[in-house]
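Here's the structure, in structure tokens; my notes come after.
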Amino acid sequence: MAPKKVIAVVGATGAQGGGLVRAILNDKTGEFAARAITRDPGSPKARDLAALGAEVVAANVDDPESLKRAFTGAHGAFCVTFFWDHFSAEKEIAEARNMAAAAKAAGVRHVIWSTLEDTRRWVPLDDNRMPTLHGKYKVPHFDGKGEANQIFLDLGLPVTLLNTSFYWDNFIYFGAGPKPGPDGVLALTFPMGDKRLPGIAAEDIGKCALGIFRAGKEYVGQSVGIAGEHLTGAQLAAKLTRALGREVRYSDVPPEVYRKFGFPGADDMGNMFQFKRDFEQDFVGARSIEVSRRLNPELQTFDTWLAANARRIPIEGA
Ligand SMILES: NC(=O)c1ccc[n+]([C@@H]2O[C@H](COP(=O)([O-])OP(=O)(O)OC[C@H]3O[C@@H](n4cnc5c(N)ncnc54)[C@H](OP(=O)(O)O)[C@@H]3O)[C@@H](O)[C@H]2O)c1
């Protein structure tokens, strides 16, 4: 039997990378082996991955030499950055450069770069529909990733640009779930009007990435967008209502109100929702559910995700 081809996975103890490591390990007869990259191989999450059968190696995306060691001998590399750990698009770009250089040095055969749109292609800095943030971005946590696409392309890497979607898991972990309004009724609040928000179960991102590695050359040099469903705020609220057994209303607020909500990154998130609202056709059009399901036949709908996760959504006062 041919030896398994190693996929080196950045962010292996997190949402995207963790989904990929688990997808590889669950595919017992598959062609790939998982190399889980973490800053701390001794952490409980890293030990769990080792117990499941992953090779666990230490590297830091800020340390180019550690990345080169971690990518050496790998067939594939899954590259992701962690905007919400530091709120810096510049840092993400520098980290993407480190990962791309390491993939090049190691001669990796297939790289997946987990990215998002550079929204400045649609909303130039002099477009005042939304404020410019951090001096040169409209949606910093999108724009840095989108700008970094070119780094992978310029190095001539065999790369697939993977455009991800809003995780429904944000309703559990990111404080984005329904909250009681002044009348006590739960409200799901974001500024998208009646436009559709592409969403996905975070675990499905890694499963789709495995589908891309499996398809080999088919997606090299391509952009692939993934989503589980494209749902409006009203549709999300109706499904939440059924799953929670308690009324949830969609509350559409103007982006300028959302930007001032005061939590860290509210301005970035407000601009992001406005971008998705104003360019719905392009944003939704770039994320095919059919392609996502072909890559990952287990792709969850929002109802499937809710059936497993609704009880984990924290509800104030419940
Ligand atoms: N939330 C959403 O809806 C959404 C949607 C689309 C895209 N995104 C993007 O997804 C990205 C985050 O991915 P995620 O959700 O998979 O992250 P995550 O769950 O927060 O996990 C990140 C993992 O990466 C590792 N890590 C952090 N800093 C590192 C470093 N300097 N070097 C090496 N590893 C490091 C950590 O593992 P160790 O501690 O084990 O090292 C951590 O477990 C963000 O850039 C965000 O913009 C989010």
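Scanning for something touching a Lys or Arg at 6+ places or on another chain (Cβ under 7 Å) and surrounded by fewer than 19 Cβ atoms within 10 Å (Cβ to Cβ), does the range 13-29 turn up at least one residue? Within the range 13-29 (the criterion being touching a Lys or Arg at 6+ places or on another chain (Cβ under 7 Å) and surrounded by fewer than 19 Cβ atoms within 10 Å (Cβ to Cβ)), the answer is no, since none of the residues qualifies. Of all residues in the range 4-40, those being farther than 20 Å from Ala59 by Cα and either modelled with pLDDT under 95 or in contact with a Cys (Cβ under 8 Å, 6 or more places away or on another chain) (or both) number 2.
Considering only the range 96-133, state which residues are within 13 Å of the ligand (Cβ to nearest atom), under 19 Å from Gly265 (Cβ atoms) and out of contact with any Phe, Trp or Tyr (no Cβ under 8 Å at 6 or more places or on another chain). Once the filter is applied, which keeps residues that are within 13 Å of the ligand (Cβ to nearest atom), under 19 Å from Gly265 (Cβ atoms) and out of contact with any Phe, Trp or Tyr (no Cβ under 8 Å at 6 or more places or on another chain), the range 96-133 yields only Thr115. In the range 78-104, the residues that are closer than 21 Å to Ala15 by Cβ and in a helix (DSSP H, G or I) reach residues that are among the hydroxyl-bearing types (Ser, Thr, Tyr) and more than 9 Å from the ligand (Cβ to nearest atom) with C-beta atoms within less than 8 angstrom, at least six apart or across chains, in these pairs: Ala89/Tyr137.
Scanning the range 107-153 for residues that are among the charged types (D, E, K, R) and either crowded, with 23+ Cβ neighbours inside 10 Å or not in a helix (DSSP H, G or I) (or both) yields Arg109, Glu117, Asp118, Asp126, Asp127, Arg129, Lys136, Lys138, Asp143, Lys145. Residues that are of a type in the set (S, T, N, Q) and more than 11 Å from the ligand (Cβ to nearest atom) within the range 36-78 comprise just one, Thr72. Take the range 270-288 and flag every residue that is in a helix (DSSP H, G or I) and surrounded by fewer than 18 Cβ atoms within 10 Å (Cβ to Cβ). Selection gives Gln281, Asp282, Gly285.
The values are calculated or read from the model by the stated rules, or taken from the named source; none is laboratory data. Since the model is a prediction, treat every value here as computed from it, not as a measurement. Virtual Cβ from ideal backbone geometry, glycine too; neighbours counted across all protein chains shown.
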